[in-house]
Amino acid sequence: IYSYALFHDENRKKAWEKSYGSVNLPVIAWEDAKVIVTLESDLLGTDGMTMEQTRKFVDGRDVMKSNEFNRLYCVEGNMSLTGANADYRIRLNPGFQLEFVLALIDEIAGKLGTLNFLQGSASLGSIVEKFSLDRDILNHLVDDLLKNHGRSMVYAGSILSEHIHIAVNYLN
């Protein structure tokens with residue numbers, strides 16, 4: 001017997017259940033997000049329900065509706081349609097996405113003055129040096145997430161591990 005799943009969301013569902021006690025994933029309101037960070041997710045190309053996601057995402061960039069547009073950061077290893085349309089594209093191997101998310105959590109916790117549970121093991125500075133990333137873009141990303149608290153989202157692609165999805169749930 002062969003089976004084929006149109007959308008492979010097992011890691012996301014398992015992480016959601018461990019984080020929130022339910023396997024029912026929420027419907028994402030892409031149009032309401034002011035800042036979107038995608039991790040190995042081609043939401044405009046191949047990941048998920050692309051027609052609906054694209055329509056909702058573009059709704060947040062409609063010049064006829066608002067002067068404020070959503071901002072898209074894309075963290076990915078290979079170029080995707082989402083990366084090509086991103087305001088900021090950060091090239092990072094999928095194997096290092098967890099380290100990147102933990103560094104974001106660490107940086108945000110430090111700026112909020114909350115408990116820093118990672119104790120510098122995955123700081124944003126070390127990520128910048130280790131992977132030759134642009135520090136200004138990462139600072140802008142952290143500031144955007146803090147400034148748009150409650151109106152921003154980090155979204156991990158379906159190919160990423162359950163651990164990354166749990167970290168993303170925590171970050172969101």
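List the chymotrypsin sites (Phe, Trp or Tyr not before Pro) within the stretch 13-71 that DSSP assigns to loop and that have no more than 13 neighbouring Cβ atoms inside 10 Å. Walk me through the intermediate numbers first.
Details: sites: Trp16, Tyr20, Trp30, Phe57, Phe69; in loops: Phe69.
Here the sparse-neighbourhood loop sites are Phe69.
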| What GluC sites (Glu not before Pro) in the stretch 4-78 are in a loop by DSSP, with at most 15 other Cβ atoms within 10 Å of the Cβ? | Glu68
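Of the trypsin sites (Lys or Arg not before Pro) in the stretch 125-163, which ones lie in a loop per DSSP and count no more than 14 other C-beta atoms within 10 Å?
Values: sites: Lys130, Arg135, Lys147, Arg151; in loops: Arg151.
When the trypsin sites (Lys or Arg not before Pro) of the stretch 125-163 are filtered for loop state and at most 14 Cβ neighbours within 10 Å, Arg151 remain.
Please report the carbon-and-sulfur percent of the accessible area for the chain; probe 1.4 Å, protein heavy atoms only, DNA, RNA and ligands left out. If you can, show how the numbers build up before the last one.
On the way: 5180 of 9810 Å².
Reported share for carbon and sulfur atoms: 53 percent.
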| So, counting K/R as plus one and D/E as minus one, what does the shell of residues with Cβ under 15 Å around Gly125 add up to? | -3
| task | Report ³J(HN,Hα) in whole Hz for each residue of the stretch 83-97, in order, from the Karplus equation J = 6.51 cos²θ - 1.76 cosθ + 1.60 where θ = phi - 60°; Gly and Pro get x. | result | x, 5, 9, 6, 6, 9, 10, 10, 8, 8, 4, x, x, 10, 5
| remark: Computed over the chain, protein heavy atoms only, probe 1.4 angstrom, the accessible area per residue in square angstrom equals 57 Å²
| said: Using the crude model of +1 on Lys and Arg Cβ and -1 on Asp and Glu Cβ, and no other charge, please compute the dipole size for the chain relative to its Cα centre, in debye to 20. | reply: 180 debye
| request: Filter the cross-link list Lys14/Lys34; Lys18/Lys147; Lys34/Lys111 down to pairs whose alpha-carbon distance in this structure exceeds 25 Å. | output: Lys14/Lys34; Lys18/Lys147
| request: Could you please put Met153, Met51 in sequence from largest to smallest accessible area, using a 1.4 Å probe? | output: Met51, Met153
| task | Apply the Karplus parameterisation 6.51 cos²θ - 1.76 cosθ + 1.60, with θ equal to phi minus 60°, to every residue of the stretch 32-39 and state each ³J(HN,Hα) to the nearest whole Hz, in sequence, with x for glycine and proline. | result | 8, 6, 8, 10, 10, 10, 9, 10
| Residue among Ser22, Ser161, Ser126 with the largest mean-square fluctuation in a Gaussian network model of the chain, springs linking Cα atoms under 10 Å | Ser22
| message | I'm spelling it out carefully: the read-out is volume of the Cα convex hull per residue in Å³, the candidates are (i) 289; (ii) 132; (iii) 217, and one was derived from this structure. Which label? | response | (ii)
| remark: Excluding residues fewer than 8 positions from Lys13 in its own chain, the aspartates and glutamates with Cα under 13 Å of it are Glu162
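The values are calculated or read from the model by the stated rules, or taken from the named source; none is laboratory data. Please read these numbers as outputs of a predicted model, since none were measured by experiment. Glycine gets a Cβ as well: all are built from the backbone with ideal geometry, and neighbour counts include every protein chain shown. Surface areas here come from the heavy atoms of the whole protein model, side chains and all, with no ligands, DNA or RNA. Shrake-Rupley method; radii C 1.70, N 1.55, O 1.52, S 1.80 Å.
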